[in-house]
Amino acid sequence: MRIITATAVALALAAGAAPATAAQAPSTDGIWRTDGYGTVLSIRNGTFQEYQTTAVSCLPGDSARRTGPGAYTRSDGVVLTVRTRGDGDSGSVRADGDVGARNLHRIAELPDACTGRAAKGSPAAFDVFWQTFEENYPFFAAKGVDWHAVRDRYRPGVHEDTSPDELFAVFSEMVGPLNDAHVAVQDGRRFFSQGRPGTVQPDGTLDARVKEFVVGRDLKDARNVRDFANGRITYADLPGGQGYVRISGFAGYAADGAPYAAELAELDRALDTALGRNGGRPPKGLVIDLRINGGGSDALGVHLAGRLTDTPYLAYSKRARNDPADPTRHTLPQPVYVTPAQGVRYTGPVAVLTGGSTVSAGETFVQALMDRPGRTVRIGQPTQGVFSDVMVRGLPNGMAAWLPNEEYLTRSGGTFDGTGIAPHLTEPVFTDEEFAAGRDSAFDRAVDVLRKQTAR
C-alpha cells in the first residue's frame with residue numbers, strides 16, 4: 001500500500017499541483033463472518049458486536065465502541081482494527097498486539113439464531129459446549145479422544161434439573177482426557193484445566209517460590225539484579241560476563257487496561273538494560289529463563305526475538321480450523337516474521353531455559369527462536385505443548401468454555417502441539433530433588449555452555 005504523507009501533500013501544493021481526491025474506502029459497517037473462529041460481527045452506528053456461533057447456537061460475545069477510523073476499543077482497552085478490501089465484501093479484523101488477523105466475509109444479515117431467544121437450561125448449555133468443541137477443536141485425533149462417544153456417554157444424564165455443580169463436574173470429566181492446558185471450564189471463579197501429564201501449570205505461588213530460589217541461589221553473586229514490568233521480568237549481570245533475563249509471562253507489564261504500546265514500552269525498557277544500552281556492556285552470552293512462563297502476547301515474544309537478530313527470518317505460520325464438519329480443513333497459513341527491532345540488538349549466543357511450565361506465548365517465543373541466525377541452545381525439559389490463541393466461549397447458563405482452534409506451523413509444516421518443544425540439552429527443572437539439594441542443573445548447564453562458546 002502506498003502511503004501519502006502530509007509532507008508530500010504540502011510539497012505538491014507548494015509546486016502548484018492539485019492534490020488528487022482520495023478514494024473513499026468501503027464502509028466497515030454491516031454484518032461479517034470470520035473465516036474460522038465461529039464468529040459473526042455486527043458493526044453499526046459506531047458499535048462493534050461479536051456473536052459466537054455454532055450449528056445450534058448464537059450468543060453475544062465481546063463488544064466495542066468506535067474510537068477512530070476502523071478502530072473499535074473494548075472495555076478492557078484492547079483495540080480492534082477492521083479493514084475492508086477490494087469492493088468491500090471482504091476484510092480483516094486484528095486485535096492490538098496480535099501477530100495475525102482474522103479474515104472477514106460480508107454476509108447479508110445475522111443468522112436467525114442470533115435474533116431469537118436462546119434456551120438457558122443445562123441441556124442447552126451441554127449442547128453448545130459439545131458443539132463448540134466439535135466445530136473448533138483441532139486435536140481430537142492426536143489426543144485419541146472420540147468426541148462423539150463422549151457426547152453419547154454424558155448427554156443422557158443431563159436434564160433441566162441438573163445443577164450447576166453437577167454440570168461443571170460433567171464438563172470437567174469430558175475435557176479432562178484431552179490433557180490440554182488451553183482447554184478449560186469456567187463457572188465464575190471456579191475453574192478447571194488440566195495440562196500435559198507430569199507437568200505443573202504456572203501460577204503466582206509457583207512463580208514466587210521459583211523466583212526466590214533463583215535470586216537466592218543462581219543470582220547470589222550477580223550484579224545489577226533488577227525487576228521490570230511489574231516484576232514479570234528480572235535482569236542480572238552474571239559473574240562470568242553473561243546476562244540473565246527471567247521472563248514469567250508476556251503480559252501484565254503495565255497497568256490493567258493499558259494499551260499494547262505500554263506493554264511493549266516496558267519490555268523495551270528491560271531489554272535496553274539487558275542488552276547494554278543504558279551505560280552497560282553488552283553481555284558475552286545471554287540466558288533467557290522461561291521455565292515458569294504463563295504466556296500472554298505472541299507479539300511481545302516476536303518483538304523480543306527481533307532484539308536478538310540483525311537478519312529477518314520466519315518465526316512460524318499460524319492457521320485456524322475453519323470447517324465445522326472437517327477437522328483437517330484450515331485457513332490459509334499466515335506467516336509471522338521476526339524483523340530486526342529498532343534500538344540496541346544482541347546477536348551473540350543465547351541459552352533458553354524451558355520446562356513443562358513454559359506455556360502458550362512462552363512457547364511461541366521459543367518457536368520464534370528456532371531459526372534464529374545466531375547460536376541458540378535450549379536447555380531443560382520440553383515445553384507444555386499449547387500454542388494457539390484461546391477461544392473463550394460463553395454458554396447459555398453463564399458458564400464458559402476455553403479451547404484452542406489454531407496451529408503454529410514450522411517452516412516444514414509441522415507443529416509441537418501436545419508434545420511441546422524439546423530441549424537440545426536435557427536437565428531437570430525445579431524438581432523436589434533439585435530444590436532439596438539447592439541445585440539448579442539447567443541454569444548451571446546454560447552458564448557453562450555460554451562460557452565455552454564465548455571462549456572460542
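Here, each number is a calculation from the coordinates, and none is a lab measurement. As the structure is a prediction and not an experimental result, all values here were calculated from the model. Note that we place each Cβ from the backbone using ideal geometry, even for glycine, and neighbour counts take in every protein chain shown.
Just a few scattered comments:
- Computed over region 204-454, the range of Cα coordinates on each principal axis works out to 57, 41, 37 Å, biggest value leading.
- Taking all Cα pairs closer than 8 Å and separated by 6 or more residues, the relative contact order of region 25-114 comes to 27 percent.
- By other beta-carbon atoms within 10 Å, ranking ASP112, ASP180 with the fewest at the front produces ASP112, ASP180.
- Relative contact order of region 253-373, pairs being alpha-carbon contacts under 8 Å that are 6 or more residues apart, as %: 35 percent
- Straight-distance crosslink candidates among lysines, where the alpha carbon sits under 21 Å from LYS318 and sequence neighbours closer than 8 are dropped: LYS143
- Set of aspartates and glutamates with alpha-carbon distance to LYS452 below 16 Å, sequence-local pairs under 8 removed: ASP444
- Inter-centroid distance (Cα atoms) of region 367-395 relative to region 132-192, Å: 25 Å
- Axial C-alpha extent at least 15 Å, average Kyte-Doolittle at least 0.5 - helices from the chain (DSSP): 164-175
- Each peptide in 423-433, 345-355, 397-407 receives the mean, over its residues, of other Cβ atoms within 10 Å, and ordering these scores from highest gives 345-355, 397-407, 423-433.
- As a rough guide to protection, the peptides 128-138, 356-366 ranked by mean Cβ packing within 10 Å, highest first, stand as 356-366, 128-138.
- Taking region 122-193 and dividing mean pair separation by its residue count, relative contact order in percent (alpha carbons under 8 Å, at least six apart): 30 percent
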